[in-house]
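The values are calculated or read from the model by the stated rules, or taken from the named source; none is laboratory data. Quick caveat, the model's predicted, so the values are computed rather than measured. Backbone-built Cβ (ideal geometry, glycine too); neighbour counts: all protein chains shown.
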Amino acid sequence: MMTLLAQESGVNPILWIVLLVMLGVMGVFGFFVLIFIPIYGKLWFQAYMSRADVGFLHLIGMGFRRVNQNVIVTAKIMAVQAGLDISREVGISTTRLEAHYLAGGNVMTVLNAIIAAHRATIDLDFDRAAAIDLAGRDVLDAVRTSVHPKVIDCPDPQRSGKTTLSAIAKDGIELRVRTRVTVRTNLEQLIGGATEDTVIARVGEGIITSIGSATTHSEVLENPDRITKAVLERGLDAHTAFEIVSIDIADIDVGENIGARLQADQAEADTRVARAKAESRRAEAIASEQEMKASVAENRARLVMAEAEVPRAMADAFRSGNLHQSNGGGE
């Protein structure tokens, strides 16, 4: 029939087919537009008016990919309003935001962290922020800590249950110290860097070592800052996610005389050892005495037995004639 119409109108049949295909495509496109405009029209218009560079077809594609369009559009608008680069080549593009969302990341947290870093003139691009977020770290808290350093108690009562560190100087006096460590986040080492627990452990170890190397506890009480300086010089924040700003002695108390107590305990132990050795020697002497008494009794018995053999031997001699009684002549 199309051929007859083409022949009657004098138009090439192939042109008619092309026109019909185009009309069909436009009809299908118009049908989808009528369906999706009520759903995504408001978001697209909001993004368009904010110059967020989010296409209508991209919004439809997000729906098929199960991406929350509200989150992506809001993030792009926030980036535009904050003056961030949203170019498709190197900026915070819609594709990058969508990829981070599909990877399980928190898009809004990443955007808030980048905006906070941008306002604080901290170098933090989208790729690094997304990597930190996917690594399980709170990137927004990391940026805040980098801007406003936080204070960590050493030791931390919530982690260890202890309120002070116990260290002993060379004179044997115990010192109980409580310190406060001020740290800021090191964004370059946040991925793979050690956490707060490592910083607390290193600082505690450094303080105990510094106090232990002091000749007397009075030196530590007179100059407590020498401890913090010695600890800071060791570079305890190496390979950690933090940079130590300062270490301050919050409280220091004198404890027990551990050296004297250890000496008393050692003397008591030496006394017990000496008593044990003396008791052992006394027991050995008693045993030796008993052995000598038994030997005397045994020799005495042998003597009695020997004395009993003398009359018997004399009687045997008389009977055998080997022994004669002497007369007055003296033969």
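Please note which helices (runs of 4 or more DSSP H) are completely contained in region 69-148 and include at least 3 residues that are more than 18 Å from ALA47 (Cβ to Cβ) and within 24 Å of the chain's Cα centre (by Cα).
Helices (runs of 4 or more DSSP H) meeting the threshold: 126-134, 139-147.
Which members of region 161-201 meet the condition of being in a helix (DSSP H, G or I) and either exposed (fewer than 15 other Cβ atoms within 10 Å of the Cβ) or at positive phi (or both)?
Within region 161-201, GLU188, ASP197 meet the criteria.
Kindly list, by first and then second residue, each pair from a residue in region 141-166 that is closer than 21 Å to ILE211 by Cα to a residue that is acidic (Asp, Glu), limited to pairs with Cβ atoms under 7 Å and residues at least 6 apart or on different chains.
Partner pairs satisfying both residue conditions: ILE152/GLU196; SER166/GLU174.
Looking at region 225-246, can you tell me whether even one residue there is modelled with pLDDT of 85 or more and either over 26 Å from PRO157 (Cβ atoms) or touching a Pro at 6+ places or on another chain (Cβ under 6 Å) (or both)?
yes
Looking only at region 54-102, count how many residues are farther than 20 Å from ASN112 by Cβ and among the charged types (D, E, K, R).
Result for region 54-102: 4.
I'm trying to understand the selection: among the residues of region 149-160, which are assigned to a strand (DSSP E or B) and under 14 Å from ALA201 (Cα atoms)?
Within region 149-160, ILE152, ASP153, CYS154 qualify.
Tell me, which residue of region 236-256 that is surrounded by 14 or more Cβ atoms within 10 Å (Cβ to Cβ) and part of a loop (DSSP other than H, G, I, E, B) is nearest to the chain's Cα centre (by Cα)?
So, considering only residues that are surrounded by 14 or more Cβ atoms within 10 Å (Cβ to Cβ) and part of a loop (DSSP other than H, G, I, E, B), the one nearest to the chain's Cα centre (by Cα) is ALA241.
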